[in-house]
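Please read the structure below before turning to the comments.
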Amino acid sequence: MIERVEAGGLKIAKILYDFINTEVIPGTGRKADAFWDGFGAIVHDLAPKNRALLAKRDEMQAKIDSWHKARRGKSLDMAEYKAFLQEIG
């Protein structure tokens, strides 16, 4: 089990937390707490957008999979495939 620490409202793998705090932040003029608070705010802000994008990707992939299954064994018509991809987004 990966050991985790809490910072900025996030649960972070301790090895990553330690790396950021000891190797990345020193010399930047930033404090570790300020970094984690800012990073946590960004993650929380973008998480809903990321979930929506992942759902859209899953939807598009399902359409692509269905398209290929429906044409299994047939030669690929690149113009038809390109039109299909443009149609789904």
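Of the residues I25, I2, the single one that is in contact with a helix residue (DSSP H, G or I) (Cβ under 8 Å, 6 or more places away or on another chain), exposed (fewer than 10 other Cβ atoms within 10 Å of the Cβ) and not hydroxyl-bearing (S, T, Y) is I2.
Listed here are the residues, each with its yes/no results for (1) more than 30 Å from L10 (Cα to Cα); (2) loosely packed, with under 10 Cβ neighbours inside 10 Å.
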site	(1), (2)
A47	no, no
A55	no, no
W67	yes, no
R72	yes, yes
Y81	yes, no
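Do any helices (runs of 4 or more DSSP H) entirely within region 10-89 hold 2 or more residues that are of a type in the set (V, I, T) and touching a residue at least 24 places away in the same chain (Cβ under 8 Å), and if so, which?
Values: elements: 14-19, 32-70, 78-88.
Hits in region 10-89: 32-70.
Every number here is computed from the coordinates shown, using simple stated rules; none is lab data. This one's a predicted model, so the numbers in the text were calculated from it and none came from an experiment. Note: ideal-geometry Cβ built from the backbone for every residue, glycine included; neighbour counts use all protein chains shown.
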